[in-house]
Amino acid sequence: MRRLLLLVAFVFCLVAVELARPVFPANASAGRDASYKIAKVDKPPAFDFALTDPEWQQGIVATDFMNLTTRKAAALTTTAYMVYDAQNIYVAIKCAQTGVRITATQTTNNVGYGVDDWAGVGFDTSGNGTREYDFYVTPRGTRYQQSTESARYNPPWEAHAIVRGDVWVAEFIIPLRDMRTTGGKLQSWRFSFARQLAESNETYTWAFDPRMGGAGDSTYWPALTDIEVPSGTGRARPYADVYALSSTGRDRKLFEEPNLGFAPATIRNYGVDVNFPFTNSLSFDGTLAPDFSNVEIDQQIIAPQEFARQLTEYRPFFSQGAAFLTPGLGDNISGPDTFASLFNSPDIGEFNRGLKIEGTQGLTALGVLEAAGNGFDDVAYGFNHRGSDQSWRYFADGVIANHTGTRDISYQFGGRKSNLVSGFETGFEYAGETGTFVPDASLAHYYDAYADVNKPNYTAFAGYHALGPYFAPLDGFTPINDIKGPFGFLAVNGAGHGGSRVQTFNLFAGAERYLDYGGNVHDEDAQYSANVTFKNQLNINAGATIGTLRTYPDNGAGYPTYANATTLPFNQTGVGINYRGNLPTGVGFGYTWGAFATLCPAGPPAPLFCTGPSLSNWVDTYDQGFQAVGRAQLSDQLTLELEYDGSFERPFALAAPADSQFLRRITLGESLGSDANAAISLRSITGTGGFALPGLNLAVSIHKKFVNGNEVFVAFGTPAAAATLDRMIVKYIWHIGSGGAGT
């Protein structure tokens, strides 16, 4: 049945390739082979609604935007202007929005990105995608920014906006020192302009190629030449953040652990983070007594899992330059089960100090990190070289983990070659491991090879994975090892034509089949899905994963004996409906069902059917689950988010009891100005089914950033705990220096 369903889905995708074949305008927008010279002005251009200052007309004037969502010429007019002087880059973007309501609800910078209209500009100062910076402004002048180097990128740049009728204009004033640049007085970057229309759920882009993965795909951006950067201007400024923290309450010593639990930890009242750029594009980062008291995020879910879940890193030291330490290919088909990483920083809990050098040198991105704490002193490094046109790259990375009584060394290297004309691409990577827990290094490896064709309306991908039975780096993330075999998929995308109500659609069919090193089928899956978005912002999706996993109970063994092995089903069929989900007010609902084995945890909370010797083993169950989410903009300052999830697990064994678990989450956020906000969150989990401790949790937080860069945090409890923590924290950060966070 699995293969029949996959065959039907595959044929469906092949037919859709022809139905979705688009026709693109020949000269609609700027392409990657185009080149533009930016004009240097003597004084900043004046910003007004008409943009009449002659300084704007001297520079780049960009028109002919494309609708990236539908791969057609944009229906609404967009005009972007750009000039620069010795200190700043100046951008103005005029957006006509006739017939499409202007959405502008967010008033706090860096809060609520994506739910409003925005105009944006992007710069790739490396020219090869290793250093990309994106800046966004909404019709209310609220600003956002992103960087490939740091999730904390937050430099002190300026934004303004004017709205008149159905037209709005945004201005960007971006200091050159806010972006790491290459050496040399005259430089060449890549750049583009873009805008989002929230009401119609469309993205416009000036740089365009039908194979672009998004407006931020700098592979297809044109060149920006003859940028004159005075000596010293292009180098980010050093800065330090010194914090002082005070806490009260019965639970003031409880802090989050890497496994999402909470345990007593040493309270740190003082600490420091420093950043010192020693070239235009390389910097030293250090932290001493790093604090993690106010940065927990709620990552609790109650859905049953087939594999271990990879958590999101939120700590400042690990976020800065994180991509430079993990340059692997990361290709997979069904989520993380066929993906392995050598360095997974959420595995590192409380640490005492950290040292890091990260950045780029020419066309090479690199990083090296040391993190030390009680009982460990670990080193991670990464090297990634890309060609100037991003058509090829090679990389290497590794980790040396030194824990008490344990030493583990892992390494990886690989490369990728792409033909940007035909869309054909090949890649490979190899990783190995040695150490205390590796009895045979020849079986502690990971290798991967693939080939794919990326066309404007479809992608065809085929590859081969192998992870040895002893491959499991101590600081890495390896949900499953002891597998080898092929995988592949076909993905199709298209847009509605003419008067169709369909805006876009996506179809997917894929399969993977892995044997263990004893020749048994260890993991196999067949997948298919369809996703349709209508012009009225209604989205409907449906799909299924039908698979099996060969498991080894605690009282058995894997390689080489494979004793007491059991093959279990992991089947999930699902449907979802979302309406206006990208807007300030929207709703969504999903429902899944299927035979899906449940892992009984080694300790509480355990489902009712996990009793006696079954703990830490798998139980055959039939699972059903639902998720309902909603978001509402109550006023210019208030937002409300609601979530209600449920899971139902019914064992196939007649004598075993069924179980369920429910999660309810409500968050009320309030804007307190352009650089201040408050939030109150209430989360309740009931029942023992699923994978979360029951409890009622209340958390309150207030954040304020001052003009001088200093910040204050006030927090009661934490959204990450199972139940409310009796813990009040007040933390003040002194920002020393003119550099901005993440620069």
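Just so it is clear, none of the values below were taken in a lab; they were calculated from the coordinates. Keep in mind that this is a model prediction, so the values were computed, not measured. Ideal geometry is used to build each Cβ from the backbone, glycine not excepted, and the neighbour counts take in all protein chains shown.
What chymotrypsin sites (Phe, Trp or Tyr not before Pro) does segment 662-743 have in DSSP loop regions with at most 14 other beta carbons within 10 Å?
Details: sites: 662, 691, 706, 713, 716, 732, 734; in loops: 691, 706.
Those that pass, being in a loop and sparsely packed, are 706.
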* List the residues whose amide H sits under 5 Å from the amide H of residue 255, counting only those 5 or more places along or on another chain, with H placed 1.01 Å from N in the peptide plane. => 263, 265
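Which net charge results for the neighbourhood of residue 444, defined as the other residues with beta-carbon distances under 12 angstrom from its beta-carbon, given Lys and Arg at +1 and Asp and Glu at -1?
Numbers: positive: none; negative: 408, 433, 440, 482.
Overall, the nearby charge balance is -4.
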* Chain lengthening between residue 440 and residue 52 when straightened (0.36 nm per residue, less Cα-Cα) -> 132.5 nm
* **Alpha-carbon Rg with Dmax, taken over segment 332-449, Å** => 16.5, 53
* Asked: With a sphere of radius 12 Å drawn around the Cβ of residue 281, what net charge do the other residues whose Cβ falls strictly inside it have (Lys, Arg +1; Asp, Glu -1)?
  -> +1
* Asked: By the scheme Lys and Arg +1, Asp and Glu -1, what is the net charge of all other residues having a beta-carbon under 13 Å from that of residue 43?
  -> -3
* the chain: angle of helix 2-19 to the longest principal axis, Cα-based, in degrees nearest 10 -> 20 degrees
* Taking the Cα atoms of segment 545-610, report the difference between the largest and smallest coordinate on each principal axis, in whole Å and largest first. => 55, 28, 19
* Asked: residue 64 versus residue 39, label points 7 Å from Cα toward the beta carbon: distance in nm?
  -> 1.9 nm
* Asked: If you plug each phi of segment 454-463 into the Karplus form 6.51 cos²θ - 1.76 cosθ + 1.60 with θ = phi - 60°, what whole-Hz ³J(HN,Hα) values come out, in order, with x for Gly and Pro?
  -> 10, 10, x, 10, 7, 10, 10, 9, 9, x
* When a/c is below 1.5 the answer is rounded, else prolate if a/b is larger than b/c, else oblate, so apply that to segment 31-228 with a ≥ b ≥ c taken from the square roots of the Cα gyration tensor eigenvalues. => rounded
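Any idea what diffusion coefficient the chain gets from Stokes-Einstein, in µm²/s, Kirkwood Rh on alpha carbon pairs, 20 °C, 1.002 mPa s? Walk me through the intermediate numbers first.
Details: Rh = 27.7 Å.
Estimated diffusion coefficient is 77 µm²/s.
Going by average Cβ density within 10 Å per residue, which order do the peptides 450-456, 140-146 take, highest to lowest? Before the final figure, lay out the partial values.
Values: 450-456: 17.1, 140-146: 20.9.
Answer by packing, highest mean first, reads 140-146, 450-456.
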